[in-house]
Amino acid sequence: MIDLSQYEAVIFDMDGVLIDSEPLWKIAMEKTFREVGSNLTKTDFQQTVGLRLDEVIHYWYEHKAWEDVSPKEVEQRIVAQMVDLIQQNGEPLIGVIDTLHYLKDKGLKIGLATSSYLVLIDTVLKTLGIEDCFDFTHSAENEENGKPHPAVYLTVAKKLGVVPRKCLVIEDSLNGIISGKAARMTVICIPEKTHLVEPKLILADYQFEDMSCLLEEISTNNS
């Protein structure tokens, strides 16, 4: 049972948690890498789930280098593609809006800790109409290390004025779970449905099929 009285803040990951953006990432990356002559597929990108985009690009540049285009330009192209795709196709995942409102009504602080860039945070929150739900949002692009390092979660907790053990994290990927656990926070996993099955997700403290199932659990036990 999740006892919300034990927590002062809930910190959400973004991609695959608030919005079904993982398929969009795969579309944007596959298209951009193909344009620069590197024929990577959606299956290949399973290997880099949860990393910052710059880390993903450098990983593939080392393994399947392309010519004539810098990693930075590839990064910029993918981000531009993502802004367009989110604006055209972005929808909140099931249960997200109701869960955010429920947690706010309970007086919990709400944070966002993501590997996505600030421009994409802004795009997602505006597209979904949930800008006002968050007390603080933060991108790992402003940290020396991205997930699975705990820095992004620790920064959000500090900005919210909450000690890590009083923070509840909602994640979808193994790297995200490791990041939250390394920050000494309690981690809920809602697995992203387009990923391959990852047995190590059991490292999370709790696991739910979707956000509506999580909301049912917490609203039933914290009335």
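Annotation: the residues His149, His101, sorted from fewest to most other C-beta atoms within 10 Å of their own C-beta, follow the order His101, His149.
Here the Kirkwood formula, the inverse mean of 1/r across different C-alpha pairs, assigns segment 87-169 a hydrodynamic radius of 13.6 Å. Here's the list of aspartates and glutamates a cross-link from Lys42 could span, going by alpha-carbon distance under 20 Å and ignoring same-chain residues fewer than 8 apart: Asp15, Asp20, Glu22, Glu30, Asp54, Glu55, Glu62, Glu75, Asp84, Asp172, Glu192, Glu198.
For the pair segment 81-137 / segment 145-223, the C-alpha centres are spaced 16 Å from each other. Measuring between alpha carbons in the structure, the pairs from Lys26/Lys166; Lys31/Lys72; Lys72/Lys147; Lys106/Lys158; Lys31/Lys181 lying more than 25 angstrom apart are Lys26/Lys166; Lys31/Lys181.
Using a ≥ b ≥ c from the Cα gyration tensor of segment 48-197 (square roots of the eigenvalues), is it rounded, prolate or oblate, where a/c under 1.5 gives rounded and otherwise the larger of a/b and b/c decides, a/b for prolate? Prolate is the answer for segment 48-197, as a/c is 1.5 or above and a/b outweighs b/c.
The Cα-based radius of gyration of segment 18-71, divided by its Kirkwood radius, gives an Rg/Rh of 0.95. Other residues lying with their Cβ under 12 Å from the Cβ of Pro92 contribute a combined charge of -4, Lys and Arg counting +1, Asp and Glu -1. What the Kirkwood sum gives for segment 127-223 is a hydrodynamic radius of 14.4 Å, with every pair of different alpha carbons counted. Exposed loop sites, defined as GluC sites (Glu not before Pro) outside DSSP H, G, I, E and B with at most 15 other Cβ atoms within 10 Å, are absent from the longest region of the chain, namely 68-143. Sorted fewest first by neighbouring Cβ atoms within 10 angstrom, Lys31, Lys181 come out as Lys31, Lys181. Every helix of 4 or more DSSP H residues in the chain counts as -39500 (n - 2.57), and over all residues that averages to -13000 deg cm²/dmol at 222 nm.
If R0 equals 22 Å, the separation of the Cβ atoms of Thr41 and Asn89 corresponds to a calculated FRET efficiency of about 0.60.
For Lys159, the lysines whose Cα comes closer than 16 Å to its Cα, not counting residues fewer than 8 places off in the same chain, are Lys109.
Every read-out reported here was derived from the displayed coordinates using simple, explicitly stated rules and does not represent laboratory data. As the structure is a prediction and not an experimental result, all values here were calculated from the model. We place every Cβ from the backbone using ideal geometry, glycine too, and count neighbours over all the protein chains shown.
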